[in-house]
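The values are calculated or read from the model by the stated rules, or taken from the named source; none is laboratory data. These numbers come from a predicted model, not from an experiment. When we count neighbours, we look across all protein chains shown, and the Cβ atoms used for this are built from the backbone with ideal geometry, even at glycine.
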Amino acid sequence: MKYKEIVELTAEEKAAKEKEWAQALFNLRLTRAREHGRLENPMKLRQLRRDIARLRTAETAGKKNA
């Protein structure tokens, strides 16, 4: 998800997205550990980590501007 899209979300939507992405990241890490590093799409881990970071950055930036 792009930063501009994240900034436009409401606080509730941001919280829901963060929870959803954190759970997805956990599940992928668990799958990777269970299957000895073999994931169907290993880049999904990187994408989720970066999306979570973008979301947290948008939350922090929103608090500073308020």
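For every residue, the table says whether it meets (1) in a helix (DSSP H, G or I); (2) under 16 Å from K2 (Cα atoms).
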site: W21; (1), (2): yes, yes
site: L28; (1), (2): yes, no
site: R32; (1), (2): yes, no
site: G37; (1), (2): no, no
site: L45; (1), (2): yes, no
site: R49; (1), (2): yes, yes
site: I52; (1), (2): yes, yes
site: R56; (1), (2): yes, yes
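Anything in the range 34-48 that is at pLDDT 95 or above and either in contact with a Phe, Trp or Tyr (Cβ under 9 Å, 6 or more places away or on another chain) or acidic (D, E) (or both)? List them, or say none.
L48
So how many residues does the range 4-19 have that are part of a loop (DSSP other than H, G, I, E, B) and aliphatic (A, V, I, L, M)?
1
Give the range 46-66 a look and list any residue that's surrounded by 10 or more Cβ atoms within 10 Å (Cβ to Cβ) and either small (G, A, S) or in contact with a Leu (Cβ under 8 Å, 6 or more places away or on another chain) (or both), or say none.
Those that are surrounded by 10 or more Cβ atoms within 10 Å (Cβ to Cβ) and either small (G, A, S) or in contact with a Leu (Cβ under 8 Å, 6 or more places away or on another chain) (or both): L48, R49, I52, A53, A58, A61, G62.
Here are some conditions: (1) without any contact (Cβ under 8 Å) to a residue 24 or more places away in the chain; (2) outside any helix (DSSP H, G or I). M1 meets all but one. Which one does it not meet?
Status for M1: all satisfied but (1).
Across the range 12-45, which residue is surrounded by the fewest Cβ atoms within 10 Å (Cβ to Cβ) among those that are out of contact with any helix residue (DSSP H, G or I) (no Cβ under 8 Å at 6 or more places or on another chain) and closer than 27 Å to K64 by Cβ?
The extreme case among them is E12.
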